[in-house]
1. Could you tell me which numbered condition Trp109 fails, if it satisfies all but one of (1) assigned to a strand (DSSP E or B); (2) more than 22 Å from Lys142 (Cβ to Cβ)?
2. Can you report the number of residues in the range 8-22 which are touching a residue at least 60 places away in the same chain (Cβ under 8 Å) and either surrounded by fewer than 18 Cβ atoms within 10 Å (Cβ to Cβ) or assigned to a loop (DSSP other than H, G, I, E, B) (or both)?
3. List every residue pair whose Cβ atoms lie under 7 Å apart, where the two residues are 6 or more positions apart in sequence or sit on different chains, the first residue falls within the range 271-285 and is under 19 Å from Ala460 (Cβ atoms), and the second residue, located anywhere, is in a loop (DSSP other than H, G, I, E, B).
4. Residues of the range 423-472 being modelled with pLDDT of 80 or more and of a type in the set (S, T, N, Q), which ones?
5. Name the residues in the range 140-160 that are surrounded by fewer than 16 Cβ atoms within 10 Å (Cβ to Cβ) and aliphatic (A, V, I, L, M), would you?
6. Of the residues Phe179, Phe197, Phe183, which single one is in a loop (DSSP other than H, G, I, E, B), surrounded by 19 or more Cβ atoms within 10 Å (Cβ to Cβ) and among the aromatic types (Phe, Trp, Tyr)?
7. For the range 127-163, how many residues meet the condition of being touching a strand residue (DSSP E or B) at 6+ places or on another chain (Cβ under 8 Å) and more than 18 Å from Ala193 (Cβ to Cβ)?
8. Checking Gly90 against (1) farther than 28 Å from Thr238 by Cβ; (2) within 36 Å of the chain's Cα centre (by Cα); (3) surrounded by fewer than 16 Cβ atoms within 10 Å (Cβ to Cβ); (4) not hydroxyl-bearing (Ser, Thr, Tyr): exactly one of these is not met. Which one?
Amino acid sequence: MDTQKLRQRILDLAIRGKLVPQDPNDEPASVLLERIRAEKERLIAEGKIKRPKAKKSTDKSHYQNFTPPFDIPDSWEWVRLGDVCDVARGGSPRPIKSYLTYRVDGINWIKIGDTEKDGKFINSTKERIIPEGALKSRLVHKGDFLLTNSMSFGRPYILNIDGCIHDGWLVISPIGNVFDKDFLYLLLSSEYAYYQFSEKASGSAVSNLNSDKVAESIFPLPPLETQRIIVRECEKLTSFAQTIDNEKKDLEITIALTKSKILDLAMQGKLVPQDPADEPATDMLRRINPKAKIITDNPHYTQLPDNWVYLSLSDINTYKSSTVTPANMPEQLFDLYSVPIFSTLTPENIHGGEIGSAKQVINKGDVLLCKINPHLNRVWEIIEDSHNVQIASSEWIVVRSELHHPSFLKWYFNSPEFRALLSSQVSGVGGSLTRAQPAIVKGYLVPVPPMEEQARISKAIEHWFECLDSIISGLSN
């Protein structure tokens, strides 16, 4: 379930008057609106807010000069935001460094960086400015709404402090008790609000809003008591959505642990049954590498299936580096995790000889193991032939084994046993820039099941992983 879509659906129903039943005993919004008009005239007369430039706020046609975008209950009214709120833009004294102060009695300088991810309130600031800076900015007060007006525009916040805002903010100050503050927050957070702001945003390189455009936006105004009921119902339903989110995260963790357990069982020979008709790994080994030292137990798993063996990575890896001299080395290609994988050369750009360093030329069936943090869990199986020469970067260990199905080897390198072993052996300096040392890695023990069983194990792992991934995918729909 996409809980973000669920939250927006809840908001959409709320602002359309479809989330809660309407109480005919509630004072209609038209009465509330008349009080707000009177309050606005008083504030204009006292010089506390400015009269709108287009038409006088007492001109009733100004409130109705638009086509309602959707139906609302009879007790609700449509209003322009600027008719029931004072909307203004912040100001930035420049250069701002000249106005910053460390004095505790400085004025809060409210910046985008003072917000919290997915936060609703702004509770404190990291910087303050001197009173002279406030004269070139805009004072805002606790209870005001701030709206981002550029880049990630249209994101509302409620102020829990007084301070000054720069020109990257718009301030929305409701007139009188026109809105329950939590309802206005829901209204400004809705997709309907964002759609309006997006339509009104302008700018070639950076979309931005100005105060006039936001003031022209039209919103439904429910009776005040209905607003409060809507807020309570939304909080109840969004709490339910949060519970779903938490359970979804718990399920994702469980699925990750289940995948780890599947790999763990697979590498112990417990995922699929053994087939006595399979060629034992010892017989396969005597055919392919009779000089290899056979190991039948492991300090981690003392009991192996009878037809399995362990070998050190140095005994299974038949990879040999090739010396090539590229005439025109192209730029390295990068995988989705930003780890350089390989460069691709055309045969015409390859020349034999001793000039140049040895390169890791990779082929179909090779398995690449990243040896640098934080990408130790990156494993790359080469599953297709290339008409060009592919050269692995030095951050990868190339493994080529005649004793393994490439997919099985890939799954082993992803297993919890190997992951833990590799992580415990990294060394190096430079913070997180640590590397697994190839000399140590070559001594790691690798299980060698019968080749036929390796194919069955790989197929079973892929089947179970696909099932688990489909569950995760279903949670997002």
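The values are calculated or read from the model by the stated rules, or taken from the named source; none is laboratory data. Just so you know, these numbers come straight off a predicted model, no measurement behind them. Here the Cβ is made from the backbone with ideal geometry for all residues, glycine too, and neighbour counts use every protein chain on show.
1. So the condition that Trp109 fails would be (2).
2. Number of matching residues: 7.
3. Gln274/Pro305; Gln274/Asn307; Asp278/Asn307; Asp278/Pro450; Ala281/Asn307; Ala281/Trp308; Ala281/Pro449; Ala281/Pro450
4. Gln454, Ser458, Ser470
5. Met151
6. Values: Phe197 fails: in a loop (DSSP other than H, G, I, E, B); Phe183 fails: in a loop (DSSP other than H, G, I, E, B).
It is Phe179.
7. 19
8. Unmet for Gly90, out of (1) farther than 28 Å from Thr238 by Cβ; (2) within 36 Å of the chain's Cα centre (by Cα); (3) surrounded by fewer than 16 Cβ atoms within 10 Å (Cβ to Cβ); (4) not hydroxyl-bearing (Ser, Thr, Tyr): (3).
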